[in-house]
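Structure record follows, encoded as structure tokens.
The values are calculated or read from the model by the stated rules, or taken from the named source; none is laboratory data. All figures in this text were calculated on a predicted structure; none of them were measured in a lab. Note that each Cβ is placed from the backbone with ideal geometry, even for glycine, and that neighbours are counted across all protein chains shown. All accessible areas refer to the heavy atoms of the entire protein, side chains included, with ligands and DNA or RNA removed. Shrake-Rupley method; radii C 1.70, N 1.55, O 1.52, S 1.80 Å.
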Amino acid sequence: MPLISFDHVYKSYDGKEYALHDIHLAFPENVTTAIVGPSGSGKSTLLQLINGLERPSDGLVFVFGNAIDYTQLPALRRRLGYAVQGTGLFPHLTVTENITLLAVLEKWEPQRVWQRAEELMRLTGLPLDFAKRYPYQLSGGQQQRVGLCRAMMLNPKIFLLDEAFGALDPITRSEIHQEFLHLQNVEPRTIVMVTHDLKEALKLAQQIVILNKGRIEQIGSGEQLLQNPATEFVSNFFKSQLGA
Ligand code: ADP
């Protein structure tokens with residue numbers, strides 16, 4: 001059963017033009033789906049419909065098998081991991097305090113909190129002696145890893161990433177991609193990632209959704225899309241991004 005699905009979803013911000021148009025889509029369990037498309041195509045809107053930050057103008061969004069209950073958003077968000085571009089780390093908290101914040105709020109036992117934090121730091125390649133440092137004492141890539149650890153702390157079954165790796169230099173980005181794939185191997189989850197970078201999507205995602213002006217142009221694996229682009233838009237998008 002898909003953990004997330006969209007049932008003919010429309011979204012308009014101004015009551016006139018649609019930012020998303022008839023999105024009918026399932027996100028299979030434990031699969032990484034990338035939402036790809038040019039700026040303004042509706043990628044972030046689609047992601048924010050999953051965590052309830054935005055509501056559909058029409059249609060329904062199902063998460064964990066139920067239509068989202070907008071009176072219960074905090075409970076839903078506790079079950080979702082969310083990472084955005086930049087890291088959103090708290091500058092006055094140490095690495096460990098940032099990573100463990102949610103678990104402490106959930107009143108986990110201290111030993112369980114520390115074990116989970118240590119496990120995540122290992123999985124994302126963060127040296128344990130960084131635990132007491134503050135974000136400004138880390139490189140951009142290290143901060144991004146801390147952000148990933150924090151989002152994974154409660155072991156959410158669903159993980160949403162909005163251009164999370166966008167600001168990194170190519171080498172760091174490539175390293176984090178490897179750690180992302182490793183983490184997905186060890187702790188598989190249903191991931192929805194927004195990216196404008198088709199190469200990133202091809203590397204990390206098993207399902208790719210191509211958006212154009214709020215409409216789905218094509219859904220498929222990277223290979224399917226590369227071999228059989230459904231529309232001229234997809235074909236041109238691939239050419240522009242991959243230089244093929
Ligand atoms: P992307 O993530 O692909 O860049 P967005 O989902 O951010 O696209 O935006 C899709 C469309 O919706 C754009 O035309 C954008 O201007 C519009 N939009 C996004 N957020 C808002 C908002 N909060 N209020 C009004 N319009 C918005």
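Using the basic label-point model (7 angstrom from Cα toward the beta carbon), what is the residue 223 to residue 29 distance in nanometres?
2.4 nm
How big is D, in µm² s⁻¹, for the chain by Stokes-Einstein at 10 °C and 1.306 mPa s if Rh is the Kirkwood radius over C-alpha pairs?
85 µm²/s
Net charge within 15 Å of residue 195 by Cβ-Cβ distance, Lys/Arg positive one each and Asp/Glu negative one each, not counting residue 195 itself?
Neighbour charge sum, excluding residue 195 itself: 0.
Counting Lys and Arg as +1 and Asp and Glu as -1, what is the net charge of the other residues whose Cβ lies under 15 Å from the Cβ of residue 52?
Surrounding charge for residue 52 is +2.
In whole Å and largest first, what semi-axes does the C-alpha gyration tensor of the range 104-244 yield when each eigenvalue is scaled by 5 and square-rooted?
Equivalent-ellipsoid dimensions as semi-axes: 34, 17, 12 Å.
Could you tell me the relative contact order of the range 1-97? Use alpha-carbon pairs under 8 Å, at least six residues apart, and round to a whole percent.
About 30 percent, as a whole number.
Given charges of +1 on the Cβ of Lys and Arg and -1 on the Cβ of Asp and Glu, with all other atoms neutral, how large is the dipole of the chain about its Cα centre, in debye to the nearest 20? Present the calculation step by step, with values, prior to reporting the outcome.
Details: 23 positive and 25 negative charges, 78 e Å.
For this selection, approximately 380 debye.
Let me know the charge dipole size of the range 129-242 about its Cα centre in debye, to the nearest 20, where only the beta-carbon of Lys, Arg (+1) and Asp, Glu (-1) is charged.
Computed about the Cα centre, the dipole is about 260 debye.
Determine, for each peptide in 199-210, 131-142, the mean count of other beta carbons within 10 angstrom over its residues, then list the peptides with the highest first. Could the numbers behind the result be given before it?
On the way: 199-210: 20.5, 131-142: 14.7.
Put in order of decreasing packing, that is 199-210, 131-142.
Among the lysines, which have Cα under 22 Å from the Cα of residue 11 when same-chain residues fewer than 8 positions away are ignored?
43, 213
How much length is gained on full extension from residue 77 to residue 155, taking 0.36 nm per residue of separation minus their Cα-Cα distance?
26.8 nm
Taking Cα atoms of the range 29-146, Rg/Rh with Kirkwood Rh, to two decimals?
1.02
Nearest 0.05, what FRET efficiency do residue 7 and residue 242 give at R0 = 25 Å with Cβ-Cβ as r?
Once the sixth-power term is evaluated, E becomes 0.15.
Using a probe of 1.4 angstrom, how much of the accessible area of the range 92-244 is carbon and sulfur, in percent?
Result for the range 92-244: 52 percent of the exposed heavy-atom area is carbon or sulfur.
Per residue, how much accessible surface does the chain expose to a 1.4 Å probe? Answer in Å², no decimals.
Per-residue accessible area for the chain comes out at 49 Å².
How high is the relative contact order of the chain, given as a whole-number percent (alpha carbon pairs under 8 Å, six or more residues apart)?
That works out to 27 percent.
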